[in-house]
1. Are any residues in region 394-416 within 15 Å of the ligand (Cβ to nearest atom) and of a type outside the set (A, V, I, L, M, F, W, C), and if so, which ones?
2. For region 182-202, enumerate the residues that are surrounded by fewer than 24 Cβ atoms within 10 Å (Cβ to Cβ) and away from the ligand (no atom under 13 Å from the Cβ).
3. In region 126-143, what residues are outside any strand (DSSP E or B), more than 16 Å from the ligand (Cβ to nearest atom) and over 13 Å from residue 6 (Cβ atoms)?
4. Mind checking whether some residue in region 295-311 is in a helix (DSSP H, G or I), among the acidic types (Asp, Glu) and over 26 Å from the mean Cα position of the chain (by Cα)?
5. Return the only residue of 106, 5 being under 17 Å from residue 165 (Cβ atoms), touching a residue at least 24 places away in the same chain (Cβ under 8 Å) and assigned to a helix (DSSP H, G or I).
6. Considering every residue within region 32-48, establish whether at least one is modelled with pLDDT of 95 or more, of a type in the set (Lys, Arg) and under 18 Å from the mean Cα position of the chain (by Cα).
7. For region 402-416, give me the residue count where each residue is at negative phi and in a loop (DSSP other than H, G, I, E, B).
8. Scan region 251-261 and tell me whether some residue there is at pLDDT 95 or above, surrounded by fewer than 20 Cβ atoms within 10 Å (Cβ to Cβ) and among the aromatic types (Phe, Trp, Tyr).
Amino acid sequence: AFNANVAAAQGALNAFIVTTPDKALDAARAVDADRAGGKALGKMAGVPIGMKDLFATKGVQTTAASHILEHFTPEYESTVSARLWQAGAGMLGKLNLDQFAMGSSNETSYFGNVVSPWRRAGGDNAPLAPGGSSGGSSAAIAARLCPAATGTDTGGSIRQPAAFTGTTGIKPTYGRCSRWGVVAFASSLDQAGPMARSVRDCAIMLEAMAGFDPKDSTSLDLPVPEWEAGLSANLAGKTVGIPREYRMDGMDAEVAAAWDQGVAWLKDAGAQIVDISLPHTKYALPTYYIIAPAEASSNLARYDGVRYGLRDLPDGANLQEMYAATRAAGFGDEVKRRILIGTYVLSAGFYDAYYTQAQKVRTLIARDFAEAFARCDVILAPTTPTAAFALGENTDDPLAMYLNDVFSVPASLAGLPAMSVPAGLNGQGLPLGLQLIGKPFDEQGVLDAGLAIE
Ligand code: GLN
């Protein structure tokens, strides 16, 4: 049934880059075989999931939604996807995304944008952005094409698309999920996580995805807690912090109202509410948009036409000309913009002024959180400043697009677990998301507070 829905919706939503119906069926059949053989079933036995096309999948095209990797078929499997197959999940296909996960609307994909299944009530019927970069994942879950999907979050790419589509997604503590076999964007920020329709489903899937991996040097060598078994929406004895700096001028009134509603729900669940301060919040966005492009420019240097994917070799071209032609043809505009910003902030003349400074501010942002968590267990804030915008609305204005990440990048810079849960609809009938940010390694605290809101 899921395979049929995926095929039927592809024309309207463009959520998938490639479909793998046989793999989903194989996982379903394995459940029957294991049951018949009396074998214990894995945590995700038979569950058909979508795989963001940033995870290397052995024998299945892995494109990062780029032209340069359009025909790249890995001979290896990412650790996270391998764990999911190990737990019994089956793959419906590879999900569309922003090219190299750079974007907030899915419009930078080489394979065309994803369309959200949502529309404004009584409105213009304008197609809306599903968020980004995990917009194929969010749209597919919202349209019921899959019960769950993988996402990755560098500066908000799990949380913002979840907020835009009324779905749930958690970015765990940096290092919980192995980055091995995930196409790299900004390695000190990249983190995989689950997206699904409920907090419980996210807890189940995160248990399957997480765990130490010696192949990733930043992987956390910690046991994976039983988050699902530990779920509790009773917040008695817990303190929730409300960061005053997130109440920004010009904040959408309906987003502010949803935030107040979230506070009320958490109080009802027994939590105590305190006002907290994260004084360096206003520097988070510029800091992120220095560090992420800097790391991206370094990571993307590997796509040179020699080792991977596309090679553009004009007649008589020398090596330099081959590099240039390949990269000119293979990277989209947003990816080129990031590489240019990144190489600029890393260049000898500007390194200290931009990159070193950004690293210092990153430490201050992390310190803000550490001080706030001396007074509270979890932080509640909006996920995004607005509900989903229309496709095309911000395309020509990269700064307007980057502003969308204002509430999601601080937790990324600090490496903290953070989740978006649906918190009702705005006046136009579009979903709004609330964000829960936790202490390092305290995914349980984040999931519990999310459950109280859900
Ligand atoms: N929207 C942010 C960016 O464009 C975050 C992307 C992400 O988390 N992968 O960088």
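The values are calculated or read from the model by the stated rules, or taken from the named source; none is laboratory data. Everything quoted here is computed from the prediction, not taken from an experiment. Here the Cβ positions follow ideal geometry from the backbone for every residue, glycine too, while neighbour counts run over all protein chains shown.
1. Looking only at region 394-416, we keep the residues that are within 15 Å of the ligand (Cβ to nearest atom), and these are 394-395, 397-416.
Answer for region 394-416, where residues must be within 15 Å of the ligand (Cβ to nearest atom) and of a type outside the set (A, V, I, L, M, F, W, C): 394, 395, 397, 398, 402, 404, 405, 408, 410, 412, 415.
2. 197, 198, 200, 201
3. Of everything in region 126-143, those that are outside any strand (DSSP E or B), more than 16 Å from the ligand (Cβ to nearest atom) and over 13 Å from residue 6 (Cβ atoms) turn out to be 126, 127, 142.
4. Our first condition is that a residue be in a helix (DSSP H, G or I); within region 295-311, this holds for 295-302.
After this cut, where a residue has to be among the acidic types (Asp, Glu) as well, the list is 295.
Checking the rest, the ones that are also over 26 Å from the mean Cα position of the chain (by Cα) come to none.
Among the residues of region 295-311, not one is in a helix (DSSP H, G or I), among the acidic types (Asp, Glu) and over 26 Å from the mean Cα position of the chain (by Cα), which makes the answer no.
5. Details: 106 fails: assigned to a helix (DSSP H, G or I).
One residue alone meets the criteria, 5.
6. Looking through region 32-48, none of the residues is modelled with pLDDT of 95 or more, of a type in the set (Lys, Arg) and under 18 Å from the mean Cα position of the chain (by Cα).
7. The initial filter retains those residues of region 402-416 that are at negative phi, namely 402-414, 416.
Going one step further and asking which of them are in a loop (DSSP other than H, G, I, E, B), we end up with 404-408, 416.
Here the count works out to 6.
8. No, because not a single residue in region 251-261 is at pLDDT 95 or above, surrounded by fewer than 20 Cβ atoms within 10 Å (Cβ to Cβ) and among the aromatic types (Phe, Trp, Tyr).
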